[in-house]
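Asker: One structure, pasted below without further comment.
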Amino acid sequence: MTLQRRLMLTFAAFTLGVAALFGLFAMAFTYSVEDRFIEQLLQREATRLRAEHARHGRWQAAAADMRLPMPMQVHESAATLPADVAAALADEPRRTEIAGTQGRHYHLMPLVRQGQPPWLLAEVSSQLIVRPMRGELLQWLAGWGLAVVALAGLLGWLLARRVSRPLAQLSEHMRAARPQALPRLPGGAPGDEIGDMTRSLDALLERTRDFIEREQAFSRDASHELRTPLAVLRIGLDRLQPQADDAQRRELLPLQTAVRLMEQTVATLLMLAREPAAAPVAPTPILPLVEDWVLAHAAALDARALRIDCRLAPADALALPAPVLQLVLASLLANALTQGQAGGCIEIDWQRGSLSLRNPGAGDTGGSGLGLGIVQRLLAQHGGRLAFEQAGGQTEVRIDLKGNA
């Protein structure tokens, strides 16, 4: 249930409870006032009768005064009481108000001692005001109660809407936020708790945004600074290659491999520092990139007597930018080249939309290329993941992409 609906229902339920409570108070008050009025009339007549009894020694009949709004009678014995009154007194001798039969209603007041004769009895059904109009009074109270509840519900809805709107806007901004492009949140009014929370979140996002920008700027600057000396090293090694003998070429080969891997690392850091494109990426064929890598590392493969068993079709492709896929493949193949067993076979296969590489050996999740941790981050940036599996002396690495066919 939404916050807006909870607030509205809370207002309505509270108002309904208050209206019902005050309705009960109102009904109790009207009954109490009515009973008090009748008791005062009985008390006044009882005082007169006691005074007459003190003077004459006997109980006189109640006064037949036209100013009294109801007839009263003195009963010196329970035998003279109406049957319904006598039956009620037999069960509860101290009762002073009795609902009789045929719509009659009695008020009873003892003249000497509580629960014993004589009694002053008044039949007050003609004087009751609340009981005949009780249904109308309840309808009136219910109507006004429902009107007040409806008004409270409307006020609760308006207040809940006003309170929850900033929260809804904040939720929309946070839902649309991306780590690479953190939003600026709208600030509320000063002194507003939601506004204070929004400003605190905005300050946190600002610090996070600055941190990300510093990290990206550092990665870009460091990568650019490293590219030039690496290029100089690679060119120098390539120039030495034709002039070297076989022994020297074997010594140069690890250096050339290390330089290429460092260049791949620099290129990957640059890619990680960039924000990935929001638009869908066209699938990149895998086979040409594998062929390029094999040609570039033919000497290293021969040195370790490693074979490549490529089971890819020309149509097999991954939904990754070509530079990203090239770097990922280069890192995985370099890891298989350096960590796999010499004289083995690197198998490259395409199964159900996933690219897998298998090679004999225990493997190394750190790798000697970019490092598979960096590859995982690069794939995660584009909605992919890297899975590892070791069984039967073989290591399998699989690339899975969301929505890849």
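Asker: Given the condition farther than 17 Å from Pro254 by Cα, part of a strand (DSSP E or B) and at pLDDT below 85, answer yes or no: does some residue in the range 285-306 qualify?
Answerer: Within the range 285-306 (the criterion being farther than 17 Å from Pro254 by Cα, part of a strand (DSSP E or B) and at pLDDT below 85), the answer is no, since none of the residues qualifies.
Asker: So, in the range 315-354, how many residues would count as being in contact with a strand residue (DSSP E or B) (Cβ under 7 Å, 6 or more places away or on another chain) and among the hydroxyl-bearing types (Ser, Thr, Tyr)?
Answerer: 1
Asker: When you go through Val259, Val281 one by one, which is the residue that is touching a Lys or Arg at 6+ places or on another chain (Cβ under 6 Å) and not acidic (Asp, Glu)?
Answerer: Selected residue: Val259, the only one of Val259, Val281 that is touching a Lys or Arg at 6+ places or on another chain (Cβ under 6 Å) and not acidic (Asp, Glu).
A quick yes/no check of all residues on (1) more than 18 Å from Thr96 (Cα to Cα); (2) in a helix (DSSP H, G or I); (3) among the hydroxyl-bearing types (Ser, Thr, Tyr):
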position	(1), (2), (3)
Ala26	yes, yes, no
Tyr31	no, yes, yes
Ile38	no, yes, no
Ala54	yes, yes, no
Arg58	yes, no, no
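Asker: Restricted to the range 1-36, and to residues that are aromatic (Phe, Trp, Tyr) and without any contact (Cβ under 8 Å) to a residue 60 or more places away in the chain, which residue is surrounded by the most Cβ atoms within 10 Å (Cβ to Cβ)?
Answerer: Phe22
Asker: Answer yes or no as to whether Arg161 is assigned by TED's automatic domain parsing to the domain that holds His107, surrounded by 13 or more Cβ atoms within 10 Å (Cβ to Cβ) and charged (D, E, K, R).
Answerer: Criteria not met by Arg161.
Asker: Could you tell me which of the residues Leu108, Leu49 is within 23 Å of Thr30 (Cβ to Cβ), in the same structural domain as Phe29 (by TED's automatic domain parsing) and modelled with pLDDT of 85 or more?
Answerer: When all the criteria are applied, what remains is Leu108.
Asker: Looking at this structure, is Ala189 touching a helix residue (DSSP H, G or I) at 6+ places or on another chain (Cβ under 9 Å), at pLDDT below 80 and surrounded by 11 or more Cβ atoms within 10 Å (Cβ to Cβ)?
Answerer: No; evaluated as a whole, the condition is false for this residue.
To keep it simple, each residue is scored yes or no on (1) among the basic types (Lys, Arg); (2) in contact with a helix residue (DSSP H, G or I) (Cβ under 6 Å, 6 or more places away or on another chain); (3) not assigned by TED's automatic domain parsing to the domain that holds Phe218.
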| site | (1), (2), (3) |
| --- | --- |
| Ile235 | no, no, no |
| Asp238 | no, no, no |
| Gln243 | no, no, no |
| Asp246 | no, no, no |
| Glu251 | no, no, no |
| Thr257 | no, yes, no |
| Arg260 | yes, no, no |
| Thr265 | no, no, no |
| Thr268 | no, yes, no |
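Asker: Are any residues in the range 209-247 hydrophobic (A, V, I, L, M, F, W, C), closer than 17 Å to Thr268 by Cα and surrounded by fewer than 12 Cβ atoms within 10 Å (Cβ to Cβ), and if so, which ones?
Answerer: Ala217 - this is the single residue of the range 209-247 that is hydrophobic (A, V, I, L, M, F, W, C), closer than 17 Å to Thr268 by Cα and surrounded by fewer than 12 Cβ atoms within 10 Å (Cβ to Cβ).
Asker: Report whether or not Ala303 is closer than 22 Å to Ile374 by Cα, among the small types (Gly, Ala, Ser) and surrounded by 13 or more Cβ atoms within 10 Å (Cβ to Cβ).
Answerer: No: the conditions fail for Ala303.
Asker: Still on this structure, please answer the following. Within the range 209-236, which residues are over 13 Å from Met262 (Cα atoms) and among the hydrophobic types (A, V, I, L, M, F, W, C)?
Answerer: Passing the criteria: Phe211, Ile212, Ala217, Phe218, Ile235.
Asker: Same structure again: Return the residues of the range 316-339 that are surrounded by fewer than 21 Cβ atoms within 10 Å (Cβ to Cβ) and closer than 17 Å to Arg377 by Cα; say none if nothing qualifies.
Answerer: Within the range 316-339, Ala319, Pro321, Ala322, Pro323, Gln326 qualify.
Asker: Looking at Ala342, Ala277, Ala313, Ala362, which is the one that is at pLDDT 85 or above, exposed (fewer than 15 other Cβ atoms within 10 Å of the Cβ) and outside any strand (DSSP E or B)?
Answerer: When all the criteria are applied, what remains is Ala313.
The values are calculated or read from the model by the stated rules, or taken from the named source; none is laboratory data. Note that the coordinates shown come from a computational prediction; the quantities given were computed from them, not determined experimentally. A quick note on method: Cβ atoms are made from the backbone with ideal geometry, for glycine too, and the neighbour counts reach across all protein chains shown.
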